[in-house]
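The values are calculated or read from the model by the stated rules, or taken from the named source; none is laboratory data. Quick caveat, the model's predicted, so the values are computed rather than measured. Note: ideal-geometry Cβ built from the backbone for every residue, glycine included; neighbour counts use all protein chains shown.
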Amino acid sequence: MPTLLDITNTEFPEKFHDAVPRKPDGRSIVATLKGQTMSPPEAIYFNDKGQQSLIYQGRWKLLIEAGWYLQTLAAPGINSELYDLKSDPGEANNLAKDKPELVKKLTAMCEKWKAENQIVDYAEIIKIKPQDPY
């Protein structure tokens, strides 16, 4: 969205139908499209159903609750997988237990991003609409 706004020289509206819209995520990549160099984003986030999260920051990739949520829900605690993509691009060596402070930092960044983007936790949806057993 920021790229399209930039290309069309359009300001994001401060009000829309008497409401204040949430600013779009991301940043314009017009400079890259023009062949210019841009610094990488601080982090790239992904979240599935408010449970499984993924963050890339530099060489690091953290997965939180990797796998299918209804299966991991039964296991106690939160499963984290941390990979150094520079030295381990095949993600063969999970470093989560070796780097707990980095896991904590990246997890906090994910939680902040989820809150800012109002990601709904799948566990709350299940409470509202339980899964049909058939």
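Of Val30, Val20, which residue is of a type in the set (Val, Ile, Thr) and surrounded by 13 or more Cβ atoms within 10 Å (Cβ to Cβ)?
Details: Val20 fails: surrounded by 13 or more Cβ atoms within 10 Å (Cβ to Cβ).
Exactly one of Val30, Val20 is of a type in the set (Val, Ile, Thr) and surrounded by 13 or more Cβ atoms within 10 Å (Cβ to Cβ), namely Val30.
If you check Glu91, Glu81, Glu101 for being in a loop (DSSP other than H, G, I, E, B), of a type outside the set (S, T, N, Q) and at pLDDT 90 or above, only one passes: Glu91.
Whenever a residue of the stretch 95-114 is of a type outside the set (Lys, Arg), its partners that are in a helix (DSSP H, G or I), lying with C-beta atoms within less than 6 angstrom and at least six residues away or across chains, give the pairs Ala96/Val103. Residues being modelled with pLDDT under 90 and either out of contact with any Lys or Arg (no Cβ under 9 Å at 6 or more places or on another chain) or among the aliphatic types (A, V, I, L, M) (or both) are represented in the stretch 32-39 by at least one member.
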